[in-house]
Amino acid sequence: MPLVTAHHLFKSHGDRRVLEDVSLSVRTGERVGLVGANGSGKSTLARMLTGADVPDAGEVVLRRDASVVALEQDPRFQPGQTARDALLSGLGPWSEARARHRHATAELQAAAGEPDRTATLVAAQAEAEAALTRHGGWEREHAALALLDRLGIADVDAVVDELSGGERRRVALARTLARRPDLAILDDRPTTSTSRRSSGSSAT
């Protein structure tokens, strides 16, 4: 079964028809490139495949267990966030489990001589450890940071706000790929007003 299938999509913006009877499917392992002039509907189609937009007619069917993540044209980061923190924030449940584990560990150090509190904190730490294991283990962080290095971001503690536009986009790309989605949709931004955009989708 395909990861995602679009059936006869139609979409209009006001009086302008953006998509007309568009159908496609993407399977595991496929890499699909969409090339067209600005305003031809590539970004609209990308948003529909992620569920961020809905067609006027037709439907998008996603495989029940499939995850779809899009790299937006204008990635957003928290003010003052480092490349490392921005990357790990994309790991969702893994990051939450790590935060719980760190909190429990810090509280344990302050709970010496309090048996009841210590027992509660040990249980919380064990639960967080189990959640980390379910979501990839401690090595998940090392694998994610390796993505930054391969994309040319050598200083993982650099503040994203202070990076160039291209570097910020690479941090966003690493954040997207670190989530290990079944389908990653990469919507490229034009570098000039006359350049073409292309939306690429990759199924892994």
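Rounding to the nearest 20 debye, state how big the charge dipole of the range 90-160 is about its Cα centre with +1 on each Lys and Arg Cβ and -1 on each Asp and Glu Cβ.
160
Per the Kirkwood treatment, what hydrodynamic radius in Å, one decimal, follows for the range 26-98 from the mean inverse distance over all distinct Cα pairs?
Hydrodynamic radius (Kirkwood, Cα only) of the range 26-98 equals 15.3 Å.
Taking Lys and Arg as +1 and Asp and Glu as -1, the other residues whose beta-carbon sits under 11 Å from that of V69 total +1.
At a temperature of 4 °C and a viscosity of 1.567 mPa s, determine how fast the range 45-136 diffuses translationally according to Stokes-Einstein, using the Kirkwood radius over alpha-carbon pairs as Rh; express D in µm²/s, rounded to the nearest whole number.
So the translational diffusion coefficient is about 78 µm²/s.
With both labels modelled 7 Å from their Cα along Cα-to-Cβ, the V159 to A123 distance reads 4.3 nm.
The convex hull built on the alpha-carbon positions of the chain has an orientation-averaged projected area of 14.6 nm². Residues in the chain average 56 Å² of solvent-accessible surface per residue, probe 1.4 Å, ligands and nucleic acids excluded. The accessible surface of the range 91-165, taken with every protein chain in place and a 1.4 Å probe, is 56 percent carbon and sulfur. Against the main long axis of the alpha-carbon atoms of the chain, helix 93-110 sits at an angle near 20°.
The values are calculated or read from the model by the stated rules, or taken from the named source; none is laboratory data. This one's a predicted model, so the numbers in the text were calculated from it and none came from an experiment. Quick reminder, even Gly has a Cβ in these numbers, built from the backbone with ideal geometry, and neighbours come from all protein chains shown. Accessible surface is based on the protein model in full, side chains and every heavy atom, while ligands, DNA and RNA are left aside. Shrake-Rupley method; radii C 1.70, N 1.55, O 1.52, S 1.80 Å.
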